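This report refers to the structure that appears directly beneath it.
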Amino acid sequence: MVTFAELHAQNHKITELSNVFLYLINDRAMCDTEVACDLFFEYATKVREHIDMVDKQLCGRLISHPDQAVKNTADRFLSGSAEIKRIFEAYLHKWCKKRAMIIKDHQAFVNETEDMFRLVLNRIQDETEQLYPLIRKVSGDAQVAA
């Protein structure tokens with residue numbers, strides 16, 4: 001069982017981690033610290049876990065709904081998830097090796113990180129404004145999402 005409170009807590013944690021990490025990496029010396037690296041990989045794990053849960057538990061349930069508009073919304077979120085995962089994996093491949101960040105061009109890293117994090121934050125906003133209200137409407141439950 002997944003509650004809306006849990007989803008909002010996950011979204012808050014992802015947002016908090018992204019804000020702190022973006023603040024840290026503006027200072028080049030902070031990019032190579034173990035703390036920044038740990039923070040980044042915690043962020044990456046939280047994003048993956050959240051997207052996987054939304055895909056499987058929420059969208060997976062909506063995709064079989066009889067209403068075509070509901071199915072279309074679920075399909076749109078699933079397609080968006082696939083694209084975010086693809087972009088995120090390319091980003092990780094470029095900037096990380098094993099559990100270490102490899103930053104040769106600091107400004108490019110900051111710019112790409114800001115873009116990547118913005119993509120995730122936009123997804124969170126879309127979930128909050130579109131997906132969660134749809135689930136509440138379809139299920140009639142204001143507490144339990146799946």
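The values are calculated or read from the model by the stated rules, or taken from the named source; none is laboratory data. Quantities reported herein were computed from a predicted structural model and do not represent experimental measurements. We place every Cβ from the backbone using ideal geometry, glycine too, and count neighbours over all the protein chains shown. The protein model used for the area step is the full one, side chains on, heavy atoms only, and it has no ligands, DNA or RNA in it. Shrake-Rupley method; radii C 1.70, N 1.55, O 1.52, S 1.80 Å.
Give the dimensionless ratio obtained when the Cα radius of gyration of region 1-51 is divided by 2.2 N^0.38 Å. Present the calculation step by step, with values, prior to reporting the outcome.
Numbers: Rg = 12.5 Å, N = 51, 2.2 N^0.38 = 9.8 Å.
Region 1-51 yields a ratio of 1.28.
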### Query
So what are the ³J(HN,Hα) numbers for region 22-27, from phi and the Karplus equation (6.51, -1.76, 1.60; θ = phi - 60°), rounded to whole Hz, Gly and Pro as x?
4, 5, 4, 6, 5, 8
#### Entry: Under 5 Å, built H, 5+ apart or other chain: amide partners of T3
A145
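Looking at region 1-99, which trypsin sites (Lys or Arg not before Pro) are in a loop (DSSP not H, G, I, E or B) and have at most 14 other Cβ atoms within 10 Å?
Values: sites: K13, R28, K46, R48, K56, R61, K71, R76, K85, R86, K94, K97, K98, R99; in loops: K98, R99.
Here the trypsin sites (Lys or Arg not before Pro) that fit, given the DSSP loop and packing criteria, are K98, R99.
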### Residues whose placed amide H lies under 5 Å from that of I63, excluding near-sequence neighbours
none
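Tell me the relative contact order for region 1-92 as a rounded percent, counting alpha carbon contacts under 8 Å between residues six or more apart.
Values: 40 pairs, mean separation 18.4, N = 92.
It rounds to 20 percent for region 1-92.
For D75 and C96, FRET efficiency with R0 = 25 Å and r from the beta-carbon atoms, rounded to 0.05? Intermediate values should be presented prior to the final figure.
Details: r = 31 Å, r/R0 = 1.23.
The computed FRET efficiency comes out at 0.25.
Once fully extended, how much extra length lies between E42 and V20, figured as 0.36 nm per residue of separation less the alpha-carbon to alpha-carbon distance?
Working: separation 22, 0.36 × 22 = 7.92 nm, distance 1.19 nm.
Taking E42 through V20 to full extension adds about 6.7 nm, to one decimal.
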### Task
Whole number in Å², please: accessible area per residue of the chain, 1.4 Å probe, ligands, DNA and RNA not counted.
55
### Whole-angstrom gap from region 95-144 to region 30-51, using each part's C-alpha centre
13
### Rg and Dmax [Cα atoms of the chain; Å; Rg one decimal, Dmax integer]
16.7, 54
